[in-house]
Amino acid sequence: MGSVLAGFGFSLALIVAIGAQNAFVLRQGLRREHVLPVVAICVAGDAALMTAGIAGLGALLTGMPTALAAVRWGGVAFLLGYAVLAARRALRPTALTPLHRPPATLRATLLTCLAFTFLNPHVYLDTVVLLGTVAHQDPNRWAFGAGAATASLVWFTGLGLGAHRWGPLLAHPAAWRVIDGTIAVIMVAIAVSVAVG
């Protein structure tokens with residue numbers, strides 16, 4: 001049970017950091033549009049990547065300095081680019097009015113979700129390399145992984161299905177100035193930690 005709780009806590013600390021995927025799930029939840037399929041993709045994607053890391057892909061990447069460097073610097077570039085976009089939104093905030101936009105098709109929504117899930121190099125650093133490495137240091141790596149996957153399930157389900165409760169607050173541009181400003185700072189901080197780590 002200790003390994004499950006350790007995996008849960010470690011994974012939750014990685015997932016909760018505000019990023020592109022979380023913002024997308026939040027927006028879908030506010031729109032109440034295709035929320036369950038979006039949550040399912042996020043949870044299944046995390047579980048697959050965590051499994052790959054625990055099965056040894058993380059250790060394999062760690063043993064390949066060139067591949068690891070490519071993932072690291074790709075992650076840094078992605079995070080800094082997203083930080084710039086968030087900072088620009090913070091300087092010119094608008095209210096999130098998801099219901100005023102035309103509905104997106106299920107196909108378009110799922111493709112966007114897949115892109116946020118699998119095209120972000122930082123997710124590979126977190127789930128495959130970092131979580132995989134830490135899991136291998138635990139006495140029961142698969143229990144650790146089960147806890148980590150459970151944290152993903154709890155987080156994305158709560159975020160997607162609970163987002164509509166945040167609607168009134170997020171209807172104000174000032175709230176998005178704070179959120180996007182925070183996102184920019186967090187993304188820069190993570191990019192720096194990835195670059196020096």
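The values are calculated or read from the model by the stated rules, or taken from the named source; none is laboratory data. As the structure is a computational prediction, the values presented were derived from the model and not from experiment. Glycine also receives a Cβ, built like all others from the backbone with ideal geometry; neighbour counts cover every protein chain displayed. Heavy atoms of the whole protein, side chains included, go into the accessibility calculation; ligands, DNA and RNA do not. Shrake-Rupley method; radii C 1.70, N 1.55, O 1.52, S 1.80 Å.
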> Can you tell which of T66, T62, T112 is surrounded by 13 or more Cβ atoms within 10 Å (Cβ to Cβ), modelled with pLDDT of 75 or more and among the hydroxyl-bearing types (S, T, Y)?
Replying inline: T112
> Can you pull out the residues in segment 107-119 that are among the polar types (S, T, N, Q) and in contact with a helix residue (DSSP H, G or I) (Cβ under 6 Å, 6 or more places away or on another chain)?
Replying inline: T117
> Inside segment 154-194, can you point out the residues that are under 17 Å from the mean Cα position of the chain (by Cα), among the aliphatic types (A, V, I, L, M), surrounded by fewer than 18 Cβ atoms within 10 Å (Cβ to Cβ) and within 23 Å of V39 (Cβ to Cβ)?
Replying inline: V154, L161, I186
> Take the residues of segment 19-59 that are open to solvent by less than 50 Å² (accessible area, probe 1.4 Å) and charged (D, E, K, R): which is modelled with the lowest pLDDT?
Replying inline: R31
